[in-house]
Amino acid sequence: MAPKPTSPSTQQRRGYWLRTLHQWHWISAAVCLVGMLLFAVTGITLNHAARIGATPVVTRVTDTLPASMLEPLRTGANGNGTLPAVVSDWLRQTHGITTSGRTAEWSEDELYLSMPGPGYDAWLSLQRADGTIEYERIDRGTLSWLNDLHKGRNTGPAWAWFIDVFALACIVFTLTGLFLLWMHSRQRRATWPLATLGLLIPLLLVLLFVH
C-alpha cells in the first residue's frame, strides 16, 4: 500500500520546525562549545585526580605593618568586617596580597582572613597589638585551577552565573537535538536504539556497580 501523501501545510509546518530547531541547535552549540570542552576535559581530570601528580607551590610572607597603620587595628570592633583601606592598600602594594572583597574575623588579639580561590588556598593573620603579619598561599597548579572552575569552588558570583547560563544553553542544545532526532528518526532506524542504549548504559552502571 502506497504511503499517504503529505499535505502542503504539513510539509510547511515540518519545514518551519526543522529550520527553527536547527537554528536554536547551532546557536546553543556555539554558546556551549568552549564551555562543554572545558567541562568534558576537567571531568576526566577530576575522575583521575589521584593519579595526576602536582607539586604545590607554597608562598609565605612575614612582615610588620608601619606604626602609623596600627591605630585602625587597635580601635576596630570585634566581629566580622573588612580590613582598613590603608592596610589593604599597603598589603597590595608591598607584597601583592589582595584582600579586597574579603571579610576578616576581628578577635581580641588578631585579624584573620581565610582567602581561598580556584587552584589555591591562602590565609592572612594580623596581630592587632604590634601589626605582625603572617601570610601563606598554597598554589596547586593549572589542573587544580581548572578542576575548581569545573566545581565552582571559590570562584565568585560571576563564574556561578556563567555556569547557570552555560547549563541552560546545554539544556537547549540537548532538547533541540532530541527533537531533531525525533523528526529524522523515520529515515534513520538506529536513532531510538542508540538513544535507548545511551540511557541504559549509565542506568545499569549505577544500579550494578555504584553502591
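Would you check if Ala50 is exposed (fewer than 10 other Cβ atoms within 10 Å of the Cβ) and either part of a helix (DSSP H, G or I) or free of Cβ contacts under 8 Å to residues at least 12 places away in the same chain (or both)? First the steps, then the outcome.
Values: exposed (fewer than 10 other Cβ atoms within 10 Å of the Cβ): yes; either part of a helix (DSSP H, G or I) or free of Cβ contacts under 8 Å to residues at least 12 places away in the same chain (or both): yes.
So Ala50 fits the description; yes.
Consider only pairs whose beta carbons are under 6 Å apart and that are at least six residues apart or on different chains; among these, list those whose first residue lies in segment 11-25 and is closer than 15 Å to His184 by Cβ and whose second residue is part of a helix (DSSP H, G or I) and among the aromatic types (Phe, Trp, Tyr).
Short answer, once both residue conditions are applied: Leu21/Phe179.
Return yes when Asp89 is out of contact with any Leu (no Cβ under 7 Å at 6 or more places or on another chain), surrounded by 13 or more Cβ atoms within 10 Å (Cβ to Cβ), acidic (Asp, Glu) and in contact (Cβ under 8 Å) with a residue 40 or more places away in the chain and no when it is not. Walk me through how you get there before you give the answer.
On the way: out of contact with any Leu (no Cβ under 7 Å at 6 or more places or on another chain): yes; surrounded by 13 or more Cβ atoms within 10 Å (Cβ to Cβ): yes; acidic (Asp, Glu): yes; in contact (Cβ under 8 Å) with a residue 40 or more places away in the chain: no.
No.
For segment 98-119, enumerate the residues that are over 20 Å from Pro72 (Cβ atoms) and among the small types (Gly, Ala, Ser).
Matches in segment 98-119: Ser114, Gly117, Gly119.
Residue check, Gly141 against (1) small (Gly, Ala, Ser); (2) over 24 Å from Ala29 (Cα atoms); (3) loosely packed, with under 14 Cβ neighbours inside 10 Å, all met but one. Which one?
(3)
So in segment 100-135, with the set limited to residues that are of a type in the set (D, E, K, R) and part of a loop (DSSP other than H, G, I, E, B), which one is surrounded by the most Cβ atoms within 10 Å (Cβ to Cβ)?
Here is the first cut: in segment 100-135, the ones of a type in the set (D, E, K, R) are 102, 105, 108-110, 121, 128, 130, 134.
From the residues that got through so far, the ones that are part of a loop (DSSP other than H, G, I, E, B) too are 102, 108-109, 128, 130.
On the way: Arg102: 14, Glu108: 7, Asp109: 11, Arg128: 19, Asp130: 11.
Checking each candidate, the answer is Arg128.
Of the conditions (1) in contact (Cβ under 8 Å) with a residue 24 or more places away in the chain; (2) within 28 Å of Arg14 (Cα to Cα), Asn147 satisfies every one except a single condition; which number is it?
Unmet for Asn147, out of (1) in contact (Cβ under 8 Å) with a residue 24 or more places away in the chain; (2) within 28 Å of Arg14 (Cα to Cα): (2).
Which residue out of Ala158, Ala190 is over 30 Å from Ala67 (Cα atoms), within 10 Å of the chain's Cα centre (by Cα), among the aliphatic types (A, V, I, L, M) and exposed (fewer than 10 other Cβ atoms within 10 Å of the Cβ)? Lay out the reasoning, then the answer.
On the way: Ala190 fails: within 10 Å of the chain's Cα centre (by Cα).
The conditions single out Ala158.
A short reminder: the numbers here are calculations on the coordinates, not readings from a lab. This structure is a prediction, so every number in the text was calculated from the model and none was measured. Please note: Cβ atoms are built from the backbone with ideal geometry, for glycine as well, and neighbour counts cover all protein chains shown.
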